[in-house]
1. Does P239 meet the test of being modelled with pLDDT under 85 and assigned to a helix (DSSP H, G or I)?
2. Out of everything in the range 91-114 that is β-branched (V, I, T) and part of a helix (DSSP H, G or I), what residue ends up being farthest from the chain's Cα centre (by Cα)?
3. Which condition from (1) part of a helix (DSSP H, G or I); (2) surrounded by 15 or more Cβ atoms within 10 Å (Cβ to Cβ); (3) at pLDDT 80 or above is the one that V169 breaks?
4. Looking at (1) within 15 Å of G26 (Cα to Cα); (2) crowded, with 21+ Cβ neighbours inside 10 Å, find the lone condition where T83 falls short.
5. Filter the range 41-56 down to residues that are buried (at least 21 other Cβ atoms within 10 Å of the Cβ) and modelled with pLDDT under 80 and give me whichever is nearest to F224 (Cα to Cα).
6. Using the structure shown, decide if V18 is at pLDDT 85 or above and closer than 19 Å to I229 by Cα.
7. Quick check on this structure: which one of V211, V143, V117 is open to solvent by 10 Å² or more (accessible area, probe 1.4 Å), modelled with pLDDT of 70 or more and either assigned to a helix (DSSP H, G or I) or of a type in the set (V, I, T) (or both)?
Amino acid sequence: MIIQKAGFLMEYVLLVLVGFAAAAFGSLLGLGGGVIVVPALLGLGSLFAAVDVISPQTAAGTSLFVMIFTGISSVLAYHKQKTIDWKSALLFLIGIVPGAILGTSASKVLSTDSFMVYFGLFMLVIAGSLFLRGKLKRKDAPVKGVIRESTDEAGNRYVYGYSPTAAIVVSIGVGFLSSLFGVGGGALMVPVMIVWFGFPAKIAAATAMLVILFSAVSGSAAHFAAGHIHWLYALALIPGAWFGGKAGAWLNQRIRSNLLVWLMKLVFIGLAVQFILQGLL
């Protein structure tokens, strides 16, 4: 009995730490944090023999539910910093719900091995986007479409914009990937916002977190209907996710994230290789 209680306590503490780390990294870089939570949930069974091994679909659904609290925490913090482009975010949200529904439907036909392989490939894409992040150059604002302006804390003025059609198409893809893999989709959305739409990096990360919040709400609702949420794990992850979201937004304004990005590149590549091999062998 004592051993079981100790094991449960260790498991709970680990989940709180995972929730905090995932939310802090996710909020800092606009990634959402699901790329850390999903592998952690899938790997719990190998760490604790008494833990029920959950399916990839349940890991994705649980991650999305927890990401709601990461999103709320991050958005509140970024709103105070006035770095969210609300008008652009509302346009991106148009495609989130249909994309999330499609992603949930697609997740039902994936076997565990297939999920491992595709999730590993997706993590390689995330790592690739992080490698490109430092080399991304903002393009000039378009002549037609939505034109936005922003001024940073140093007084530098930025003009950026995009086609509404392109914004909706991107949001459908984000909603699909978010619901399919249980991640926020920001790993793809932030580079797109910087490269294609010309967003300043800090505004891209903050705006992506708002989009991720609604993506998580719609995606977790679809997974809830399918019974893909592990409530005990979610309750353990939420406290860390709440404070981690605030910590990531705070760090975004105060430190350079180059070292963190490099660490995440290495971690994502390592996890990607592990998941791909696990799915193929």
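1. On the way: modelled with pLDDT under 85: no; assigned to a helix (DSSP H, G or I): yes.
No, not satisfied.
2. Looking only at the range 91-114, we keep the residues that are β-branched (V, I, T), and these are 94, 96-97, 101, 104, 109, 112.
Cutting the leftovers down to part of a helix (DSSP H, G or I) gives us 94, 96-97, 101, 104, 112.
Details: I94: 18, I96: 14, V97: 16, I101: 17, T104: 16, T112: 21 Å.
Applying the filter and picking the extreme gives T112.
3. Result: V169 passes all but (2).
4. (1)
5. To start, the set of residues in the range 41-56 that are buried (at least 21 other Cβ atoms within 10 Å of the Cβ) comprises 41-42, 56.
Now restrict to residues that are modelled with pLDDT under 80: 42, 56.
On the way: L42: 18, P56: 14 Å.
This residue is P56.
6. Details: at pLDDT 85 or above: yes; closer than 19 Å to I229 by Cα: yes.
So V18 passes the test.
7. Details: V211 fails: open to solvent by 10 Å² or more (accessible area, probe 1.4 Å); V143 fails: modelled with pLDDT of 70 or more.
Of the residues listed, the single one that is open to solvent by 10 Å² or more (accessible area, probe 1.4 Å), modelled with pLDDT of 70 or more and either assigned to a helix (DSSP H, G or I) or of a type in the set (V, I, T) (or both) is V117.
The values are calculated or read from the model by the stated rules, or taken from the named source; none is laboratory data. In this text the structure is predicted, and so the values were computed from the model without any measurement. Here the Cβ is made from the backbone with ideal geometry for all residues, glycine too, and neighbour counts use every protein chain on show. What goes into the accessible areas is simple: the full protein's heavy atoms, side chains included, and nothing from ligands, DNA or RNA. Shrake-Rupley method; radii C 1.70, N 1.55, O 1.52, S 1.80 Å.
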